[in-house]
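The values are calculated or read from the model by the stated rules, or taken from the named source; none is laboratory data. Remember, it's a predicted structure, so these values are computed and weren't measured experimentally. In this analysis, Cβ positions are derived from the backbone assuming ideal geometry, glycine residues included, and neighbour counts consider all displayed protein chains. Ligands, DNA and RNA are stripped out before the accessible areas are found, and what is left, the full protein with its side chains, is counted by its heavy atoms. Shrake-Rupley method; radii C 1.70, N 1.55, O 1.52, S 1.80 Å.
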Amino acid sequence: MKIPESIKKAIRSGNESKLQEICNSLHPADAAAAFTSLNEKQQIQFAQFLNNDALSLITSFLPASESADLIASLEEKDRTVILESLPDDVVTDLIQETDENQQKTYVELLSDEKKDAAETLLGYPEDSAGGRMTTSYATLQENMSVKEAIEILEETKEDAEILARIYVVDENKRILGKVRLRDLTFNAWSTPIKDIMDHEKLAIRAEEDQEEALKMMLKYDMLALPVIDKANQLLGIITHDDALEIQEEESTEDLEKAAAIAGERDEEGYLKSPVLSHFKRRAVWVFFLAIVAILSGLVILKYESLLENVFILAVYMPMIVATGGNTGSQAATMVIRAMSLGEFTPSEFFRVVWKELRIGLALGALLGALIAIGSWILITTFINPDTLKSITGEHGLSDLVITVGIALTIQVSASTFIGGALPMMAKSCKLDPAVVASPAITTIVDVLGLLIYFGIASMMLGI
């Protein structure tokens, strides 16, 4: 029997002991996943059947919105126990998912220490380094001995979220370096901390974007990243599990923008978010792109006489347009990825677009030549001369395939150039490069491709 089904069965039968037995046998993350698969009524029963210890473990693995719903279904005394047991950054995320009145209620349930931590974190935007940090960390001072350090850590071990990295600070909480737990373990008790610490002071300002924090952690292979204020005082740390969440959020955001989906992402997930929410996030971009796509029809209308004279040109229209869209999207994807990894900045605009233009010319020339030669072979093989003359008019097959080859070469070159240039221009204008990815670039190069195709055809065929 699948785990969610066994949980549903225990809930339907009111078998609390069975539900507790199932959840105790599961990893909290698996129990949390089972919880999210339940409907609203079943989730309330689930919360009522389990004790606070089990709920605390499960809640820390739930999305913030679902955690808020779970906490809301509990009695006040149980809410206090659960909130106190959760890491301060998880509590903050949970509180942010509630309305303003509920936020005040939840904050008042916290102990003074927990309340101070939550209020500090709530003072920063959700997507900033300060908004993602935890204030549960351990610190030492450089004049301590290993023995003194271990005694202090013994007292604070339950409060620190991570002990693999312990920060050495001065009297003003400015970072001097860090030690690892193993450094303390394998050194004599009399050894001064200053003799075994490293002097790495890498940190990020609290107001910086969470994506910048992620980049730093990836670049320097950090297990935890210190967060500091303007006076360089240590405020908190971003841990590796937080970094993974940031990476997922940023990747999802970029993917949705590249697919022309706007607005805030629904924390509750695809199936539980309302249809209206999905509609609002997709409608504006879809409408805008549809309006822009009308230009393609206007271009075709302008060159109607050309198509009437050389009808076979219509056969190549989809290929010209689609190839331009594909190569433009490829270029945009490569440039956006490289920028996100810090491989170059918008100041290197000309180097990048020159490189993409050369790539586009090479791709265009290859595709143009192959399509021209392939078209010649296919047409002469499968279309008889009389039929060919009727669809090409007074123009020969050579003029036609050369026209298609040149148009395709120019279209691919231009599309690659645009795909490389637009994301960098967006970045320079303080816009997210992802918003000009796939749909936007594809729509632009569709119109451009038709103009190039019909313009080349008019010149080559003299129509």
Tally of residues being open to solvent by 30 Å² or more (accessible area, probe 1.4 Å) and among the basic types (Lys, Arg) across the range 177-188: 2
Scan of the range 388-443 for residues that are modelled with pLDDT of 80 or more and not in a helix (DSSP H, G or I), ordered by number: Cys429
When you look at Tyr124, is it modelled with pLDDT of 85 or more, closer than 30 Å to Arg205 by Cβ, of a type in the set (Phe, Trp, Tyr) and under 23 Å from the mean Cα position of the chain (by Cα), yes or no? yes
Please specify each residue of the range 339-357 satisfying the condition of being at pLDDT 85 or above and either out of contact with any helix residue (DSSP H, G or I) (no Cβ under 6 Å at 6 or more places or on another chain) or within 14 Å of Met425 (Cα to Cα) (or both). Glu348, Phe349, Phe350, Arg351, Val352, Val353, Trp354, Lys355
Restricted to the range 13-52 and to residues being outside any helix (DSSP H, G or I) and more than 31 Å from the chain's Cα centre (by Cα), the residue surrounded by the fewest Cβ atoms within 10 Å (Cβ to Cβ) is Gly14
Consider the range 277-330. How many of its residues are closer than 30 Å to Asn39 by Cβ and open to solvent by 100 Å² or more (accessible area, probe 1.4 Å)? 3
Limited to the range 151-176, what total is found for residues that are open to solvent by less than 30 Å² (accessible area, probe 1.4 Å), in contact with a Lys or Arg (Cβ under 7 Å, 6 or more places away or on another chain) and without any contact (Cβ under 8 Å) to a residue 40 or more places away in the chain? 2
Arg79 vs (1) open to solvent by less than 20 Å² (accessible area, probe 1.4 Å); (2) in a helix (DSSP H, G or I): all pass except (1)
When you look at Lys77, is it over 24 Å from Glu5 (Cα atoms), without any contact (Cβ under 8 Å) to a residue 24 or more places away in the chain and charged (D, E, K, R), yes or no? yes
When residues of the range 189-245 are limited to those that are in contact with a helix residue (DSSP H, G or I) (Cβ under 6 Å, 6 or more places away or on another chain) and acidic (Asp, Glu), the one surrounded by the fewest Cβ atoms within 10 Å (Cβ to Cβ): Glu208
So is Leu55 without any contact (Cβ under 8 Å) to a residue 60 or more places away in the chain, crowded, with 18+ Cβ neighbours inside 10 Å, hydrophobic (A, V, I, L, M, F, W, C) and assigned to a helix (DSSP H, G or I) or not? yes
List, please: which pairs have Cβ atoms under 6 Å, are six or more places apart or on different chains, and start with a residue in the range 242-255 that is closer than 23 Å to Thr134 by Cα and end with one that is among the acidic types (Asp, Glu)? Glu250/Glu211
Would you confirm whether any residue within the range 120-138 is surrounded by fewer than 21 Cβ atoms within 10 Å (Cβ to Cβ) and over 27 Å from Ala164 (Cα atoms)? yes
Looking at this structure, is Ala117 in contact with a helix residue (DSSP H, G or I) (Cβ under 7 Å, 6 or more places away or on another chain), within 16 Å of Ser6 (Cα to Cα), without any contact (Cβ under 8 Å) to a residue 40 or more places away in the chain and assigned to a helix (DSSP H, G or I)? no
List every residue pair whose Cβ atoms sit under 8 Å apart, with the two residues 6 or more apart in sequence or on different chains, where the first one lies in the range 201-225 and is within 15 Å of His240 (Cβ to Cβ) and the second, anywhere, is of a type in the set (D, E, K, R) and surrounded by fewer than 17 Cβ atoms within 10 Å (Cβ to Cβ). Ile204/Glu212; Gln210/Asp127
Condition met for Glu208 (modelled with pLDDT of 95 or more and among the acidic types (Asp, Glu)): yes
